[in-house]
Amino acid sequence: MKCLVIHGSPRRGNTWEVLKLTEEEMNKNGEFEFEEIELAKENIPTCLGCFNCIIKGESLCPHKNTIQRIVSKIEEADAIIITSPVYSMQITGLLKNFIDHMSYNFHRPRFFYKKVLIITTTAGAGHKEAANYLKEVMYYWDVDYVLTMPIAYRDIQLNDKNRAIINRKADKFALELNSRKVHEPSFKSILMYNVWRAMSINGNGVGIADCKYWSNEKLKETNFYPGIPIGFVKRTFGKFIFSRFHKK
């Protein structure tokens with residue numbers, strides 16, 4: 001099973017150590033293939049905020065060659081592991097810059113079957129807040145499953161408490177991958193999915209890339225991505241949201 005690591009640290013320090021321990025523990029629960037992308041080595045230019053990816057399409061991003069190569073690897077993987085130390089109470093600028101380049105995915109989600117593990121580390125504070133921020137982003141990307149692993153430690157060596165957290169979370173993520181279960185989307189995911197679907201069909205306040213994406217027959221007629229399980233209550237909620245925004 002393929003796991004793509006997006007390493008958001010500019011170096012191989014504490015976060016890298018936690019990642020390696022996680023990989024080691026996961027492999028006790030099955031055969032996993034890890035590929036690591038270190039963003040510091042990718043030399044991704046700063047996002048210009050030009051909105052080309054959102055309005056006209058991601059193929060018109062001025063940095064598309066680097067970004068789309070990483071996106072292709074995400075699409076090929078079964079799972080994504082995102083790592084970041086805490087810098088000034090948040091994720092690193094390296095990782096934020098990559099997320100900024102992926103802004104179009106908030107409008108046109110595509111990673112519905114991906115499972116995500118988020119690892120954040122700190123010698124002080126902010127690890128939980130950074131992990132929760134990344135978790136929020138992943139929900140807007142409409143991924144299938146998200147597990148966070150915020151770790152705080154000041155010692156050179158990880159203490160027993162942190163090792164226990166790493167082992168427990170790594171085991172849980174491995175078991176989730178092995179289950180191949182597809183989860184129901186959250187209400188938040190259903191809300192945003194149907195907001196963008198309705199607005200794009202109306203052509204109201206969105207770009208040509210959104211209209212083209214949501215004009216797909218599979219997406220145009222469903223309250224969530226085809227093949228994803230959705231119960232009666234959430235399906236009704238999706239229909240209500242779509243109806244409200246479609247009328248507007």
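The numbers here are math on the coordinates, done by the rules we state, and not lab data. This structure is a prediction, so every number in the text was calculated from the model and none was measured. Quick reminder, even Gly has a Cβ in these numbers, built from the backbone with ideal geometry, and neighbours come from all protein chains shown.
In degrees between 0 and 90, to the nearest 10, how far off the longest principal axis of the chain does helix 127-140 point, with axes built from Cα atoms?
30
Between segment 90-167 and segment 1-43, what is the separation of their alpha carbon centroids in Å?
Computed from Cα coordinates, the inter-centre distance equals 13 Å.
Going by the alpha-carbon gyration tensor, a ≥ b ≥ c the square roots of its eigenvalues, is segment 153-248 rounded (a/c under 1.5) or, if a/c is not under 1.5, prolate (a/b greater than b/c) versus oblate?
Prolate.
Charges at C-beta only: +1 for Lys and Arg, -1 for Asp and Glu. How large is the resulting dipole of segment 1-85 about its Cα centre, in Debye rounded to 20?
Its charge dipole is roughly 460 debye.
Can you work out ³J(HN,Hα) from phi for every residue in segment 70-77, in order, using Karplus 6.51 cos²θ - 1.76 cosθ + 1.60 and θ = phi - 60°, giving whole Hz and x for Gly and Pro?
5, 4, 4, 5, 4, 5, 7, 7
Dividing the convex hull volume of the Cα atoms of segment 1-77 by its residue count, what figure in Å³ per residue is obtained?
Here the figure is 97 Å³ per residue.
In terms of the Cα gyration tensor, with a ≥ b ≥ c the square roots of its eigenvalues, is segment 129-205 rounded because a/c is under 1.5, prolate because a/b exceeds b/c, or oblate?
oblate
Based on the mean of other beta carbon atoms within 10 Å per residue, what is the order of 130-143, 209-222, most packed first?
Ranked from most to least packed, the peptides come out as 130-143, 209-222.
Less than 14 Å apart at the alpha-carbon level, and either on another chain or at least 8 residues along: which aspartates and glutamates does that give for residue 181?
78, 144
Treating only the Cα positions of segment 110-167 as identical point scatterers, give the base-10 log of I(q)/I(0) from the Debye formula at each q in 0.12, 0.13, 0.31 Å⁻¹.
So the normalised log intensities are -0.33, -0.38, -1.20.
Kirkwood-based Rg over Rh for the chain (C-alpha set), two decimals?
With Rg and the Kirkwood Rh in hand, the quotient comes to 0.99.
As a test, work out the antiparallel percent of DSSP beta bridges whose residues both lie in the chain, rounded to the nearest 5.
5
What shape does segment 88-128 take by its C-alpha gyration tensor, where a ≥ b ≥ c are the square roots of the eigenvalues and a/c under 1.5 counts as rounded, a/b above b/c as prolate, and the rest as oblate?
oblate
Got a sec to turn the phi values of segment 100-111 into Karplus ³J(HN,Hα) couplings, 6.51 cos²θ - 1.76 cosθ + 1.60 with θ = phi - 60°, whole Hz, x for Gly and Pro?
In residue order, the calculated couplings are 4, 5, 9, 4, 4, 5, 5, 8, 10, x, 8, 9 Hz.
Work out how far the C-alpha atoms of segment 1-135 reach from end to end along every principal axis, then list the three figures in whole Å, largest first.
44, 35, 25
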